[in-house]
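*Asks:* Take this structure first; my questions come after.
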Amino acid sequence: EMTPTLARMVSAKANALRKPVRWFSMPQLFRYERQQRGRLREHFQLNVDIVGEPDVSADAELIAVAVECMRVFGLGPRDVRARVSDRRLLHGILARLGVRESSAGTVFAAIDKLDRQPLDVSRNKLRAAEVPDDAVEQLVGLQKIDSVDALRAAFGGHPQVDGTLATLATLMEHLRALGVDDWVDIDLTIVRGLAYYTGIVFELFDASGEFRAICGGGRYDNLLASLTNVDLPALGFGMGDVVLGELLKARGKLPEHAPALDYWVAYENASQYAEAMRVATVLRRSGSSVEYALRPQQLGKQLDAARKAGATAAVILRADGTLRRKAFASGAEESFTLPHG
């Protein structure tokens, strides 16, 4: 978990940093839990955070960054959906429905699982939290409400609801200006499990619902103040490589990264080994990526190793001292002159 670490880092240099702070990292992270599909004990994660900006424009910027990552990977809004909610709005809805604030944690947990468990199970959990029966049905129905207007029609008339709905409407306007609104769905069943989230939250999912969340995050305005003596608003997301890799593979978008090897220097006679080293050095200093066998081998074995290494061509020291370039794609062989300098 990098967010508390970032909070402490920013707090230590808060006075010297230009605001807002736009920060990203790609740490290797570990979990002590049972391994399952899409969730491994070890993974790499892209973290993106903005610190020092309270306006909803920062929330729109953050969501747009996550969406643009998907676009760069060759995915589109038919492949990935960004599901957006606001914890302040959920608190307002609970107040509007007469649900006690002390029950909010239990209610949020039930809402978060509406699409992953039978509705009767969700109803029972809400009733166990002493949610009135009519409110239970309205909360279960949240998964069917997907617009600001529909939310206003269902829950408007309460100050906390109306204020956060206005913020949510502004967020959608910003996302439209940023050109990513066609990727975004309003979905109040997105809660996020970490307690430090305070406002707009979001998760990215594959549109078919086959995989776990690709990415998740939101606003955590109180975290810096709770951990340090610096009070700055903040928001961020984490995007792990495991689910993203699974999705790209399923969509045929997983890049193939063959070794980028320009040349393999080979030789016909073992006595030419030192000269092969010199040739490799000249080619490397000219900017090429080069390998050669680290011990004397037969020429055929060297060329076989070159092909397996993904070399574009071999530079071969012939027994008469001449250099030949052999292109593996075409099989063509021609004379070769080392670059000068």
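*Asks:* Return the total of residues in the range 259-317 being assigned to a strand (DSSP E or B) and under 19 Å from residue 340 (Cβ atoms). Full working, then the answer.
*Replies:* Step one: list which residues in the range 259-317 are assigned to a strand (DSSP E or B), which gives 261-267, 290-292, 311-317.
Narrowing further to those that are under 19 Å from residue 340 (Cβ atoms): 262-263, 265, 290, 315, 317.
Going through the range 259-317 one residue at a time, the tally reaches 6.
*Asks:* State whether the residues of the range 78-100 include one that is open to solvent by 10 Å² or more (accessible area, probe 1.4 Å), free of Cβ contacts under 8 Å to residues at least 12 places away in the same chain and assigned to a helix (DSSP H, G or I).
*Replies:* no
*Asks:* Quick check on residue 292: is it free of Cβ contacts under 8 Å to residues at least 40 places away in the same chain and more than 36 Å from the chain's Cα centre (by Cα)?
*Replies:* In short, yes.
*Asks:* Let me ask another. Hey, residue 290 hits all of (1) open to solvent by 50 Å² or more (accessible area, probe 1.4 Å); (2) closer than 21 Å to residue 270 by Cβ but one; which does it fall short on?
*Replies:* Residue 290 satisfies all of (1) open to solvent by 50 Å² or more (accessible area, probe 1.4 Å); (2) closer than 21 Å to residue 270 by Cβ except (1).
*Asks:* Specify the residue that is surrounded by the most Cβ atoms within 10 Å (Cβ to Cβ); the eligible residues are those in the range 293-304 that are at pLDDT below 95 and farther than 10 Å from residue 266 by Cα.
*Replies:* 294
*Asks:* Follow-up question, since we're still on this one. Do you know which of the residues in the range 35-75 that are part of a loop (DSSP other than H, G, I, E, B), in contact (Cβ under 8 Å) with a residue 24 or more places away in the chain and of a type outside the set (A, V, I, L, M, F, W, C) is most open to solvent (accessible area, probe 1.4 Å)? Let's see the steps before the verdict.
*Replies:* Pass one, the range 35-75, residues part of a loop (DSSP other than H, G, I, E, B): 35, 37-38, 40-41, 52-55, 73-75.
With the extra rule that they be in contact (Cβ under 8 Å) with a residue 24 or more places away in the chain, the set shrinks to 37-38, 40, 52-54, 73-75.
Now restrict to residues that are of a type outside the set (A, V, I, L, M, F, W, C): 37-38, 52-54, 74.
Values: 37: 144, 38: 13, 52: 20, 53: 54, 54: 91, 74: 37 Å².
So the residue we want is 37.
*Asks:* While we're here: Filter the range 1-34 down to the residues that are in a loop (DSSP other than H, G, I, E, B), out of contact with any Gly (no Cβ under 7 Å at 6 or more places or on another chain) and open to solvent by 40 Å² or more (accessible area, probe 1.4 Å) and list them by number.
*Replies:* Those that are in a loop (DSSP other than H, G, I, E, B), out of contact with any Gly (no Cβ under 7 Å at 6 or more places or on another chain) and open to solvent by 40 Å² or more (accessible area, probe 1.4 Å): 1, 2, 13, 15, 16, 17, 18, 26, 31, 32, 33, 34.
*Asks:* For the range 124-231, give me every one of the strands (runs of 3 or more DSSP E) that falls completely inside it and has 1 or more residues that are within 23 Å of residue 109 (Cα to Cα) and open to solvent by 10 Å² or more (accessible area, probe 1.4 Å).
*Replies:* Hits in the range 124-231: 184-186, 200-206.
The values are calculated or read from the model by the stated rules, or taken from the named source; none is laboratory data. Keep in mind that this is a model prediction, so the values were computed, not measured. A quick note on method: Cβ atoms are made from the backbone with ideal geometry, for glycine too, and the neighbour counts reach across all protein chains shown. Ligands, DNA and RNA are stripped out before the accessible areas are found, and what is left, the full protein with its side chains, is counted by its heavy atoms. Shrake-Rupley method; radii C 1.70, N 1.55, O 1.52, S 1.80 Å.
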